[in-house]
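Reviewing the structure listed below.
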Amino acid sequence: MKPVKAAPIDPAALAARFAQAGTRAGFRVETMGSAAGVPLLALTRRTSGPRPRIYLSAGIHGDEPAPPHALLRLLETGVFDARATWFVCPLLNPAGFVGGTREGPLAIDLNRDYLAPRSLEIQAHTAWLARQPPFDLALCLHEDWEATGFYLYELNAAGQPTLAPAILAAAGATCPIDLADLIDGRAAQGGLIRPLLDPAARPDWPEALYLRAHHTSLTYTLESASRLPLEERVATLVAAVQAAVKALTVAPRKTPPNPGAAAL
């Protein structure tokens, strides 16, 4: 199957749609900073009472258009409802989308810049995260130009009930699952990667590892396959997020303590 490369997106127009849709849906829309003249948005919607806190992010790589489109669809169709308190960072690398590059404007892979951030984007993002409470669940949306199908990473520091089977089942209903035994250089089984972490040995923390260290005990990185048409990738990520949210909110669990870097 030949890759289907999507046309570049207009990050300024997309950011405007996020701001408009967020306001209509009752979200607080904040600007964490800017890049390439485009605001770095953070959307929050708090629900009263005991509700799980769910964080979602997208758009950290400028050659991965499906994730921000998926978050916009979820926002515009009302998926981010009263089941949870929501924290959404929908477009973390607008400059990358301007140039159609994985990296940010300083040729830095922003998803390797979380331990000691050099980029203004990740400095702004981590400063915003530091003001937020712990999350019950974090979902980082991506796509992979080398994958044959959907797969995911699970970081489950507290050994909570896994959401992976529900996510994989939902994604598998819309696209193939990558069933390789080795994905992205890591051992995988049925599209699931559970990496063994040694953060002290990682000089280039990705977002998921930073979240694991400071904000949550349960993180999933969702990877759609870029070789598939854009609409199929978007639909797959939408289905995966919906399944994760449903699995978490059907039997809500008490938020574990903030893990903290010392616990890693």
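For this structure, a couple of remarks:
- Its Cα centre serving as origin, the chain has a Cβ charge dipole (Lys and Arg +1, Asp and Glu -1) of approximately 960 debye.
- Sorted largest first by accessible area at a 1.4 angstrom probe radius, with every protein chain in place, the residues Arg24, Arg186, Arg194 fall in the order Arg24, Arg194, Arg186.
- Point-charge dipole on Cβ atoms (K/R +1, D/E -1) for the range 1-93, about Cα centre, debye to 20: 340 debye
- Taking every protein chain into account, the 1.4 Å probe leaves Trp86 with about 0 Å² of accessible area, to the nearest ten.
- The residues packed around Leu182, meaning those with a beta-carbon under 15 Å from its beta-carbon, carry a net charge of -4 if Lys and Arg are +1 and Asp and Glu are -1.
- Accessible area of the chain belonging to carbon and sulfur atoms, whole % at 1.4 Å probe: 56 percent
- Candidates Gly191, Gly26, Gly49, ranked by Gaussian network fluctuation over the chain, Cα under 10 Å, top entry: Gly49
- Where the range 103-170 is the region considered: accessible area per residue in Å², 1.4 Å probe: 38 Å²
- Per residue, in Å², the accessible surface of the range 182-248 once ligands and nucleic acids are set aside, probe 1.4 Å: 37 Å²
- Average accessible surface for the range 1-93: 41 Å² per residue, computed with a 1.4 Å probe over protein heavy atoms with every protein chain in place.
- Given a 1.4 Å probe and the protein chains as shown, Ser224 ends up with an accessible area of around 0 Å².
- Rg and Dmax over the alpha-carbon atoms of the chain stand at 16.8, 49 Å.
- Cα pair count fraction exceeding 18 Å, expressed as % - the range 1-146: 54 percent
The values are calculated or read from the model by the stated rules, or taken from the named source; none is laboratory data. For clarity, every value in this text was computed on a predicted model and none was experimentally measured. Because the Cβ atoms are built from the backbone with ideal geometry, glycine has one as well, and the counts that use them run over all protein chains shown. The area values use the complete protein model at the heavy-atom level, side chains included, leaving out ligands, DNA and RNA. Shrake-Rupley method; radii C 1.70, N 1.55, O 1.52, S 1.80 Å.
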